[in-house]
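Below is one structure; the comments refer to it alone.
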Amino acid sequence: MKLNKGSLFALFAVLELASDSARQLSTTDIAEKYGISTHHLAKVMRNLVHAGLVQAVRGVGGGYRFAGNVSRTTLLDVIALFETLESELDVPNHWSHAGDPIVAELRSITKEIDNLTKAVLDTITLETALKSTRRSTEAAAGAAGDKP
Amino acid sequence: MKEQISIRNAVPSDLDAIIALDEVGPKEEKPAYWRGIFDHYAKGGKKDRLFLVAETGGEVVGFISGEVRAWEFGSPPCGWVFAMGVSPMRREMGIGQRMFEEICKRLKQAGVTTVRTMVDRDNKVTLSFFRSQGLRTGRYIELEKEIY
């Protein structure tokens, strides 16, 4: 699976903002942290505002803050705003054997993979992803602290 | 005031409440199933077979059942959680987490270091719950086919 840039940037932004829903961050703050294009992220943020996942805060010190439900919103909910996660077989449109049994079998297999991918992403909430991130960070800090 | 939840071993008088809480599958087939499960897991006091309930104010509001299984599918001894339910009126109160933590503690005491479960991919609530407890896709893949 390769997420498109829109999905990935949206996940960065939503998880970053949801990790502290009282905090406001600008597009530049998020883009600098993840080393991504501010211009592209700005477009992504507009989609996230439209979807109700983040809220634009105007004025001095303005930016964005999380406005969704951290325990109900899944990673797939965010990704689905930008792509469908359907695998594509690059079969030429003009090819006369598009209905070939082998093509049909390959389509069936890619569908099986897509369904598994979606089942994973649709059951990881933002809260779970953040909890897991915190656990990993704490474990890494603990391991670093144990070193002589 | 926050209600006190206690987690304890299931006893025969809990059976009707457990059947009422069970939401999976056709109801009419379940009483005999649960009686069998109860006989196998709640009686005999074996530390590797567990059947627990969550209780508050004298009311059973959740159940969880599991056991240690060894060498099935070539797997070394491992804890399995195969049934779990929480009253719909008592969800998002941490009852599932308390029961899961208790069964993990007891499975660990029984000598295993891994816990597994299997959930219908459309059962988003239960899948999300187990993911929130840190479970990830494991190394065994379930395969099936229809046989006519």
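What follows is calculated from the coordinates using simple rules that are stated; it is not laboratory data. If you're wondering where the values come from, they're calculated on a predicted model, not measured in any experiment. Glycine gets a Cβ as well: all are built from the backbone with ideal geometry, and neighbour counts include every protein chain shown.
Just from the alpha-carbon atoms, what are the Rg and Dmax of the protein assembly as shown in angstroms?
In Å, with Rg to one decimal and Dmax whole: 23.4, 70.
What residue among A:Ser37, A:Ile79, B:Leu15 has its Cα farthest toward the positive end of the dipole of the protein assembly as shown, where the charges are +1 on Lys, Arg and -1 on Asp, Glu, each on the Cβ?
A:Ser37
Average partner chain C-beta neighbours within 10 Å, per residue of B:119-130?
Going residue by residue through B:119-130 and averaging, the value is 3.
Give a residue-ordered list of calculated ³J(HN,Hα) values for region B:61-67 (Karplus: 6.51 cos²θ - 1.76 cosθ + 1.60, θ = phi - 60°; whole Hz; x for Gly, Pro).
Running phi through 6.51 cos²θ - 1.76 cosθ + 1.60 with θ = phi - 60° gives 10, x, 8, 8, 9, x, 7 Hz.
For region A:1-85, what are Rg and Dmax over the alpha carbons, in angstrom?
In Å, with Rg to one decimal and Dmax whole: 11.9, 40.
Could you tell me which residue out of A:Gly59, A:Ile109, A:Val14 lies farthest along the dipole of region A:5-146 toward its positive end? Charges go on the beta carbon: Lys and Arg +1, Asp and Glu -1, centred on the Cα centre.
Result: A:Gly59, furthest along the dipole toward the positive end.
Expressed in nm², what is the orientationally averaged projection area of the convex hull enclosing the Cα positions of chain A? Kindly include the intermediate steps, with their values, before the conclusion.
Working: hull surface 51.2 nm².
Computing the convex hull of the Cα atoms and averaging its projections yields 12.8 nm².
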